[in-house]
């Protein structure tokens, strides 16, 4: 099929106009969708960690990364002597410098009841937001689980009860 210049320009213009209106289609949401997004925003604004179980501050005295035979444990201690432990990911043998230099110092001397805030502050500490994905996520998660373990022991609650409802107590 032979196409002349006028047909080519018309087809190109139609394609260009269609392509420019395509992004607008995603912005045209119904009122019910907007209501769902507003509900979701309200839920996301709520803290995850339940502070009401703790009347007194739980100050983090030390955060240690323990290694034995290429396996890693994180031990967190409070000034009151409470201890929490978590198992590190198997890539901690590579990520331990980030853990020790970039993440660990952000938690020492802080109130563990503010866990949600501490995790966000740890990302800002020492420009940690520049690190991406696993490089910062694994050390952060390792400390977070150890703190949750410690807080669960202090409150006499499971980790599940500290962050939500336990729907099934049996595995």
Checklist entry - Do we have any residue at all in segment 126-134 that's surrounded by 14 or more Cβ atoms within 10 Å (Cβ to Cβ), in contact with a helix residue (DSSP H, G or I) (Cβ under 6 Å, 6 or more places away or on another chain) and part of a helix (DSSP H, G or I)? => result yes
Next on the checklist: Given (1) in contact with a strand residue (DSSP E or B) (Cβ under 7 Å, 6 or more places away or on another chain); (2) modelled with pLDDT under 85, identify the lone condition not met by residue 60.
Outcome noted: (2)
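State yes or no: is residue 77 over 19 Å from the mean Cα position of the chain (by Cα) and within 19 Å of residue 122 (Cβ to Cβ)? Before the answer, list the steps.
Details: over 19 Å from the mean Cα position of the chain (by Cα): yes; within 19 Å of residue 122 (Cβ to Cβ): yes.
Answer is yes for this residue.
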Item to check | Filter result for the condition that a residue is modelled with pLDDT of 85 or more and farther than 24 Å from residue 46 by Cβ, over 152, 109, 133 | outcome: 109
Next on the checklist: Only one of 80, 116 is touching a strand residue (DSSP E or B) at 6+ places or on another chain (Cβ under 9 Å) and either in the same structural domain as residue 64 (by TED's automatic domain parsing) or closer than 19 Å to residue 64 by Cβ (or both). Can you tell me which?
Outcome noted: 80
Checklist outcome for this item: For residue 101, the lone unmet condition from (1) free of Cβ contacts under 8 Å to residues at least 40 places away in the same chain; (2) surrounded by 14 or more Cβ atoms within 10 Å (Cβ to Cβ); (3) over 29 Å from residue 156 (Cβ atoms) is (2)
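The values are calculated or read from the model by the stated rules, or taken from the named source; none is laboratory data. Because the structure is predicted, anything quoted here is derived from the model rather than measured. Using ideal geometry, Cβ is built from the backbone for each residue, glycine included, and neighbour counts are taken over all protein chains shown.
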